[in-house]
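**Student:** Okay, handing you the structure first.
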Amino acid sequence: MNISVVIPLLNEEESLNELHDWIVQVMQSNHFSYEVIFIDDGSTDNSWKIIASLSESNDNVKGIRFLRNFGKSQALHAGFEKANGDVVITMDADLQDNPEEIPELYDLVKKQGYHLISGWKKKRYDSVIAKNLPSKLFNWAARKTSGVKLHDFNCGLKAYRNDVVKNIDVNGEMHRYIPVLAKSAGFGKIGEKVVKHQARKYGETKFGMDRFINGFLDLITIWFLSRFGKRPMHLFGALGVIMFAIGFGFATYLGIDKLFINPMGRLITQRPQFYIALSTMIIGTQFFVAGFLGEIILRSKTGKKRYLVKDEINF
C-alpha cells in the first residue's frame, strides 16, 4: 500500500464528507493505493456515524473511536499503530490542510529518501495576535531548544516513512514535537515543505491560547527526555554531587577555621557559611536521591494503555 492518511478529529461532522471526497479524488487521480484512518477522539456530534457511513461506501476508509476524549497525541498514536502504507500522511479534519499536497509529500519521502516532511503554513489565515505571533515565538523557541530547523512544528500536515511512526512514542501532548521525537529516535533526515493553509470553513478551533503555554512546558519536557530520559542520574546525580561538594567545601572551611585558625571566634552556627553548607548539602542529597529514584522507576515501569478504544471499523 502506498499511503495511509491518518486523521484525528473531534466534533468535525460538517467537514468529514467533503474531506473524504477530496482525498479520494487526489488518490484516484494519482493512482495511489491508500487507506484513510479516521480517529474519533470522543466526539459528541455525529462524526462517528458519518465515518461509519463512509466506510460502508468505501472499503479504504477505516475508523477508530475512543471511549472519551484522550487528546490528539493519543489519537495519532492509535492511527500510527494501524497504518500500513509505505508513507503515512497526517492531516487535520477541519479542511485547513489541503489534500492536494499529498502527492508531493509522498514523492519527497518515497523518492528522495526523507524520513519525515513537515508542512510549513507560510501564509496563514488565522488571527495575527491570537495565533500567528504566539506561533512564531513558539516555533522559534522549539528550534533553539531542539536543534530541529523547522518553521512550523505545529502544522498537522506531515508525511512520514512507515518505520518512523512505528518507532516513536507519541504521548501526552507531544504531537507538536514529533519531528524532535523522530530525530531522537535516529531518523535525522527531516525536511520541510511550504503548504497551503486554508481558512476554517466549519465550526471553531478546538485549541485555545493555553496550547502555547502547554506547548512551552512540553518543550521543556521533551528537551529533558531527549537528553536524560534514559539516564536521569546523569542530570540529577551530577547536580547533587556539585551541590554536595559546595556544601562540603564550606563545612570543611568552617571546621578548619574553628579548630586551627580562630578557635575563640564566633560559634559556627552564628556564621552564614554554616547555613550555606547545610542547605547545599541537603539539596545535593535530594538531587542525588531524585536521580536514583528516577533510575529505579525507569527500570521497573510497565506499559500502560493511554487510551481506550470503543469501536473500530474495517480493521
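Bear in mind these aren't lab numbers, they're just calculated from the coordinates by the rules spelled out. Keep in mind that what you see is a predicted model, and the values were worked out from it rather than measured. Using ideal geometry, Cβ is built from the backbone for each residue, glycine included, and neighbour counts are taken over all protein chains shown.
**Student:** Straight-line reach from K158: which aspartates and glutamates have a Cα under 12 Å away, not including same-chain ones fewer than 8 places off?
**Tutor:** Here the aspartates and glutamates satisfying the reach criterion relative to K158 are D92, D97, E101, E104, E192.
**Student:** Say the cut-off is 32 Å between C-alpha atoms; which of K123/K310; K62/K144; K122/K166 go over it?
**Tutor:** Listed pairs above 32 Å: K123/K310; K62/K144.
**Student:** For region 151-161, what does the Karplus curve 6.51 cos²θ - 1.76 cosθ + 1.60, with θ = phi - 60°, yield as ³J(HN,Hα) per residue in whole Hz, taken in order and with x for Gly and Pro?
**Tutor:** Rounded to whole hertz, the list is 8, 9, 5, 8, 5, x, 8, 9, 10, 10, 5.
**Student:** Counting other C-beta atoms within 10 Å, and keeping those with at most 15, which DSSP coil trypsin sites (Lys or Arg not before Pro) do you find in region 62-93?
**Tutor:** The qualifying sites are R68.
**Student:** Hey, another quick one. Tell me, what is the percent relative contact order of region 1-78, built from C-alpha pairs under 8 Å that lie six or more residues apart?
**Tutor:** On the way: 122 pairs, mean separation 29.2, N = 78.
Once divided by the residue count of region 1-78, the mean separation gives 37 percent.
**Student:** Whose amide H sits under 5 Å from the amide H of V61, counting only residues 5 or more places off or on another chain, with H placed in the peptide plane?
**Tutor:** Sorted by chain and number, the residues that satisfy this are V36.
**Student:** Also, I was wondering about something else. Work out, step by step, the length gained on full extension between I282 and K111: first 0.36 nm times the residue separation, then minus their alpha carbon distance; give nm to one decimal. Spell out each step's value before the answer.
**Tutor:** Values: separation 171, 0.36 × 171 = 61.56 nm, distance 5.73 nm.
Here the segment from I282 to K111 would lengthen by 55.8 nm.
**Student:** While we're here: How far apart, in nm, are two points set 7 Å out from the Cα along the Cα-to-Cβ line at K310 and at N84?
**Tutor:** Distance between the two pseudo-spin positions: 2.6 nm.
**Student:** When only DSSP loop residues count, what trypsin sites (Lys or Arg not before Pro) in region 152-201 have their Cβ near at most 13 other Cβ atoms within 10 Å?
**Tutor:** K166, K201
**Student:** While we're here: What ³J(HN,Hα) values, in whole Hz, does the Karplus curve 6.51 cos²θ - 1.76 cosθ + 1.60 give for region 38-45 when θ = phi - 60°, with x put for Gly and Pro?
**Tutor:** For region 38-45, the Karplus curve yields 8, 10, 7, 8, x, 4, 10, 9 Hz.
**Student:** In degrees between 0 and 90, to the nearest 10, how far off the longest principal axis of the chain does helix 272-300 point, with axes built from Cα atoms?
**Tutor:** Approximately 40 degrees, to the nearest 10.
**Student:** Okay, moving on. Rounded to the nearest 500, what is the chain's calculated 222 nm mean residue ellipticity when only DSSP H runs of at least 4 contribute -39500 (n - 2.57) each, over all residues? Let's see the in-between values first.
**Tutor:** Details: 10 runs with 143 residues, N = 315.
Computed ellipticity for the chain at 222 nm equals -14500 deg cm²/dmol.
**Student:** How long, wide and thick is the chain, going by the Cα atoms along their three principal axes, in whole angstroms, largest first?
**Tutor:** 94, 40, 39
**Student:** Another question, then. Would you calculate the convex hull of the Cα atoms in region 14-98 and tell me its volume per residue in Å³?
**Tutor:** On the way: hull volume 8.4 nm³, N = 85.
With only Cα atoms used, region 14-98 gives 99 Å³ per residue.
**Student:** Along region 102-119, what does the Karplus equation 6.51 cos²θ - 1.76 cosθ + 1.60 (θ = phi - 60°) give for ³J(HN,Hα), rounded to whole Hz, x for Gly and Pro?
**Tutor:** Result, rounded to whole Hz: 4, x, 5, 4, 4, 5, 4, 7, 6, 9, 9, x, 6, 7, 8, 10, 9, x.
**Student:** Let me ask another. Modelling each spin label as a point 7 Å along the Cα-to-Cβ direction, I'd like the S57/Y253 distance in nm, to one decimal.
**Tutor:** Roughly 7.9 nm, to one decimal.
**Student:** Using a 10 Å cut-off on Cβ atoms, rank the peptides 252-265, 87-100, 136-149, 38-51 from the highest mean neighbour count down.
**Tutor:** On the way: 252-265: 11.1, 87-100: 22.8, 136-149: 15.5, 38-51: 21.1.
The densest-packed peptide leads the list: 87-100, 38-51, 136-149, 252-265.
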